[in-house]
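Student: If you scroll down you'll find the structure; I have some questions about it.
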Amino acid sequence: MEIKILKIKRDQPERVEIRCHEVTEQVREIADFVRSRQGRLTGYMEGRQFEIPVMDIHYIEAVDNRVFLYSSGEVYETRQKLYELEEILREKYFLRISKSTLLNLMKVSALKPALNGRFQALLHSGEEVIISRKYVPELKKALKGGVS
C-alpha cells in the first residue's frame, strides 16, 4: 500500500482519501482510526472555555462530583458526566478503567501488571494510571480486537 501526504494551503480544507481495489478489514480499520481522531470536548480552566481536541486528552477522571480532562500539562473541568463522555468516546479508543476514570488507549506507552489483579498504564506524558481488576478483561478485549 502506497502512502502519500500532500501539504496544502491553509485556505483549503483538510481531507483524507483512501483509494482501494476492495474495502478490506485493513481499509476499514484505517478509516475507523481517522474517524476516531476527530472531535472536540469543551473544557473550562480559570473561568475560560476551551475546545480540546479529543486526540489531545490522555484520560478523564471524576473526583467529588466534578469531571476533569487531562492533557499534556493541562487539566480542564467539563460539565459533562463521566457516563456521558464514556458513551460519546466509545468509538474514539477511550475505555473505562475504573469507576471514576476513562483512558485514551492511544496515549498508552506501556502496560504492566500491578498488585491484586490490577494493571498499571504508563502514558506518553509520563503519568501512570491504575486499571482496576474489574476492567482488565475489557482492556484485554479492546487490545485484542479493538474497542467495541
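Student: What FRET efficiency, computed as 1/(1 + (r/R0)^6) with R0 = 30 Å and r the Cβ-Cβ distance, is obtained for Arg19 and Gln80, rounded to the nearest 0.05? Before the final figure, lay out each step's value.
Tutor: On the way: r = 38 Å, r/R0 = 1.25.
Between Arg19 and Gln80 the formula returns 0.20.
Student: Here's another thing I want to ask about it. Can you give the helix-only mean residue ellipticity at 222 nm for the chain, where every DSSP H stretch with n ≥ 4 adds -39500 (n - 2.57) and the sum goes over all residues, rounded to the nearest 500 deg cm²/dmol? Could the numbers behind the result be given before it?
Tutor: Working: 3 runs with 30 residues, N = 148.
Taking each H run of at least 4 residues, the total per residue is -6000 deg cm²/dmol.
Student: Please give the per residue accessible area of the chain, computed with a probe of 1.4 Å over protein heavy atoms only, in Å². Mind showing how you got there, number by number?
Tutor: Details: 10890 Å² over 148 residues.
It amounts to 74 Å² per residue over the chain.
Student: Counting alpha carbon pairs within less than 8 Å and at least 6 residues apart, what relative contact order, in whole percent, applies to the chain? Please report the intermediate quantities before stating the final value.
Tutor: On the way: 199 pairs, mean separation 20.2, N = 148.
It comes to 14 percent, rounded to a whole number.
Student: If I model a spin label at Lys4 and Ser109 as a point 7 Å from the Cα along the Cα→Cβ vector, what separation in nanometres do I get?
Tutor: 3.6
Student: Sticking with this structure for a sec: Taking each pair of different alpha-carbon atoms in segment 25-105 once, compute 1/r for the pair, average those values, and report the inverse of that mean as the Kirkwood hydrodynamic radius in Å to one decimal. Kindly include the intermediate steps, with their values, before the conclusion.
Tutor: On the way: mean 1/r = 0.0766 Å⁻¹.
This gives a value of 13.1 Å.
Student: Using a Förster distance of 30 angstrom, determine the FRET efficiency expected from the C-beta separation of Arg118 and Glu29, and round it to 0.05.
Tutor: Working: r = 29 Å, r/R0 = 0.97.
That pair, Arg118 with Glu29, gives E of 0.55.
Student: Something else now. Using alpha carbons only, how many degrees (0 to 90, rounded to 10) separate the axis of helix 136-145 from the longest principal axis of the chain?
Tutor: For helix 136-145, the angle is close to 10 degrees.
Student: Run a plain Debye calculation on the chain (Cα atoms as equal point scatterers, no solvent) and give log10 I(q)/I(0) at q = 0.10, 0.15, 0.17, 0.19 Å⁻¹, rounded to two decimals, same order as the q list.
Tutor: With no solvent term, the Cα-only Debye profile gives -0.42, -0.87, -1.04, -1.20.
The values are calculated or read from the model by the stated rules, or taken from the named source; none is laboratory data. What you are looking at is a predicted structure, and each value in this text was computed from that prediction instead of being measured. Neighbour counts are summed over all protein chains in view; Cβ atoms, including those assigned to glycine, are modelled from backbone coordinates with ideal geometry. Quick note on the areas: whole protein, heavy atoms, side chains included, nothing else; ligands and nucleic acids left out. Shrake-Rupley method; radii C 1.70, N 1.55, O 1.52, S 1.80 Å.
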